[in-house]
Amino acid sequence: MNDDTRDWPTSVWTKWPLAALAAGCVTSFAVAPGAVGVLGAALFALTLAVAIVDWRELIIPGWMNAAIFALGLAQAATWAEDGARGAALTQALAHGMALGGVLLLVKLIYARARGREGLGLGDVKLAGAGGVWLGWSSLPVAIEIAALSALAVFLVAPRLAGRPAQWNERLPFGSFLAPAIWTTWLIQTLFAA
């Protein structure tokens with residue numbers, strides 16, 4: 001990762017996130033009025049925080065993943081019909097295990113093949129927590145959005161700027177996965193309405 005971005009002036013790190021936070025919360029409420037919109041706005045705030053922290057520190061705090069997970073379960077219970085809360089929570093847990101499991105598998109295969117760490121465990125936990133928010137058909141969409149945006153930033157953008165891509169650069173994948181989770185939730189919620 002380009003260390004220049006980590007040294008941006010504090011004003012950049014305080015002004016644009018506030019504007020993004022306002023826009024994300026308003027969008028969540030517009031797509032899902034009521035309790036689901038409140039939960040979506042909370043998801044946006046947390047995923048924005050994860051993206052910023054992971055970009056700057058290359059770590060995803062466990063409490064952020066835990067909060068995303070807990071709010072995802074609350075969302076599953078909120079969306080469920082009266083007699084189906086248990087089934088909805090079980091389904092949400094299965095989605096989280098599936099997405100987290102896929103990233104854990106990628107992490108293990110990459111480490112074995114390359115002899116070094118690729119994904120961090122925080123990325124795996126984020127996938128598991130984010131998967132709780134998403135339906136089966138949305139799980140691969142979140143991974144695609146995250147992977148394609150990471151490729152664009154780390155491989156395509158340097159070339160457009162006339163610099164070669166840095167293949168051994170450390171990539172804060174959570175900075176791409178977190179917004180992808182909210183974006184996928186938003187798309188899923190929009191089409192469910």
* Asked: Say we look at the range 79-121 and pick out the residues that are in contact with a helix residue (DSSP H, G or I) (Cβ under 7 Å, 6 or more places away or on another chain) and assigned to a loop (DSSP other than H, G, I, E, B); which of these is nearest to Phe176 (Cα to Cα)?
  -> Leu119
* Structure fact -> Inside the range 49-70, the number of residues satisfying the requirement of being crowded, with 19+ Cβ neighbours inside 10 Å and not aromatic (Phe, Trp, Tyr) is 8
* To do: Could you check how many residues of the range 15-48 are buried (at least 17 other Cβ atoms within 10 Å of the Cβ) and in a helix (DSSP H, G or I)?
  => 18
* To do: Residue by residue through the range 122-164, note down the ones that are assigned to a helix (DSSP H, G or I), at pLDDT 85 or above, surrounded by 13 or more Cβ atoms within 10 Å (Cβ to Cβ) and of a type outside the set (A, V, I, L, M).
  => Gly122, Asp123, Lys125, Gly128, Gly130, Gly131, Ser138, Pro140, Ser149
* Within the group Phe69, Phe154, which residue is in contact with an Asp or Glu (Cβ under 8 Å, 6 or more places away or on another chain), closer than 24 Å to Val53 by Cα and of a type in the set (Phe, Trp, Tyr)? -> Phe154
* Asked: Scanning for something within 22 Å of Leu190 (Cα to Cα), within 19 Å of the chain's Cα centre (by Cα) and touching a residue at least 24 places away in the same chain (Cβ under 8 Å), does the range 111-127 turn up at least one residue?
  -> yes
* To do: Check Gly24 against each of (1) modelled with pLDDT of 95 or more; (2) in contact with a Leu (Cβ under 7 Å, 6 or more places away or on another chain) and name the one condition it does not meet.
  => (1)
* To do: Tell me, yes or no, whether the range 83-93 has at least one residue that is in contact with a Gly (Cβ under 6 Å, 6 or more places away or on another chain), over 17 Å from Ala42 (Cβ atoms) and either hydroxyl-bearing (Ser, Thr, Tyr) or modelled with pLDDT of 95 or more (or both).
  => no
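The values are calculated or read from the model by the stated rules, or taken from the named source; none is laboratory data. Every value quoted in this text rests on a predicted model; they were computed, and no experiment measured them. Glycine also receives a Cβ, built like all others from the backbone with ideal geometry; neighbour counts cover every protein chain displayed.
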